[in-house]
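Taking it in order: structure first as structure tokens, then the write-up.
The values are calculated or read from the model by the stated rules, or taken from the named source; none is laboratory data. Keep in mind it's a predicted model, so treat the numbers as computed, not measured. As a convention, Cβ positions derive from the backbone with ideal geometry for all residues, glycine included, and neighbour counts pool all protein chains shown. Areas reflect the complete protein model, heavy atoms only, side chains present, ligands, DNA and RNA absent. Shrake-Rupley method; radii C 1.70, N 1.55, O 1.52, S 1.80 Å.
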Amino acid sequence: MSEKSSASAAPQRAVNFVSAVPDGDNRTRQVCAECGFINYENPKIVVGSVCHWGKRVLMCRRAINPRRGHWTLPAGFLELHETTTAGASREAWEEARARIEIETLLAVYAVPRISQVQLMYRARLLTDEISAGPESLEVQLFEFDEIPWDDIAFPSVRWALHQFRESRHLDSFAAFTNPPGETGDF
């Protein structure tokens, strides 16, 4: 098979995709039978942050599925041509109308069941003026012992909150990853 592959979108003309293992590859991919274009499907990148104001952290109650009505951190999919820190700041604004300053990378999580890589930052709220954006039913600042732990939307939210608490007093540290044996399954 020829080297006619690209990370960009498929050619503009109609394509006749077939499942095949391209030359030099070891996985079945969708390949155009006519021109050899390989339609790579790669994990989605999620960016977000644990935003703090003093001893409180910002959480958003989801207005959308999946996990509508559960609490999460401001996070979402990285957009094309966007840096990861800009994406995390944008998500904080979109979900909680929060203006933040990124402090450091907190964690990089792998969630293979949904093909995601999640980058979570530690961030400081520039003001405690927050309000629900279109993807949030409500937003709130919680002290750690007030967090609605029984209503957390996703395992990675729980990980990030605990890892934030563990590292919040540190100026520098190695970014965290999934806790041992955890893959993001419920």
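Note on region 38-60: residues that are under 15 Å from P74 (Cβ atoms) and small (G, A, S) total 2. Exactly one condition in (1) under 16 Å from I130 (Cα atoms); (2) over 14 Å from the mean Cα position of the chain (by Cα) is not met by S89; state its number. Answer for S89: the failing condition is (2). Given the structure, is F186 out of contact with any Gly (no Cβ under 7 Å at 6 or more places or on another chain), in contact (Cβ under 8 Å) with a residue 24 or more places away in the chain, open to solvent by 50 Å² or more (accessible area, probe 1.4 Å) and not in a helix (DSSP H, G or I)? In short, yes. Name the single residue, out of those in region 142-158 being of a type in the set (A, V, I, L, M, F, W, C) and open to solvent by 20 Å² or more (accessible area, probe 1.4 Å), that is nearest to R90 (Cα to Cα). The extreme case among them is F154. Condition check for S115 on (1) at pLDDT 95 or above; (2) surrounded by 13 or more Cβ atoms within 10 Å (Cβ to Cβ); (3) hydroxyl-bearing (S, T, Y): one failure, at (2).
For (1) open to solvent by less than 80 Å² (accessible area, probe 1.4 Å); (2) touching a residue at least 60 places away in the same chain (Cβ under 8 Å); (3) in contact with a strand residue (DSSP E or B) (Cβ under 8 Å, 6 or more places away or on another chain), each residue gets a yes or a no:
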residue	(1), (2), (3)
V57	yes, yes, yes
R61	yes, yes, yes
G69	yes, yes, yes
H81	no, no, no
T85	yes, no, yes
E101	no, no, yes
T104	yes, yes, yes
A107	yes, yes, yes
L125	yes, yes, yes
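Of all residues in region 166-178, which are surrounded by fewer than 14 Cβ atoms within 10 Å (Cβ to Cβ) and either within 20 Å of the chain's Cα centre (by Cα) or in a helix (DSSP H, G or I) (or both)? Residues satisfying the conditions are E166, A174, T177. Just one of the numbered conditions (1) among the hydrophobic types (A, V, I, L, M, F, W, C); (2) in a loop (DSSP other than H, G, I, E, B); (3) in contact with a Cys (Cβ under 8 Å, 6 or more places away or on another chain) is not true of A92: (2).
Selection of region 128-139 for residues being open to solvent by 20 Å² or more (accessible area, probe 1.4 Å) and touching a helix residue (DSSP H, G or I) at 6+ places or on another chain (Cβ under 9 Å) yields I130, S131, A132, P134, E135, V139. Here F142 meets the list (1) assigned to a strand (DSSP E or B); (2) under 17 Å from the mean Cα position of the chain (by Cα) almost entirely, failing just condition (2).
Counting the residues of region 3-22 that are modelled with pLDDT of 90 or more and surrounded by 10 or more Cβ atoms within 10 Å (Cβ to Cβ) gives 5.
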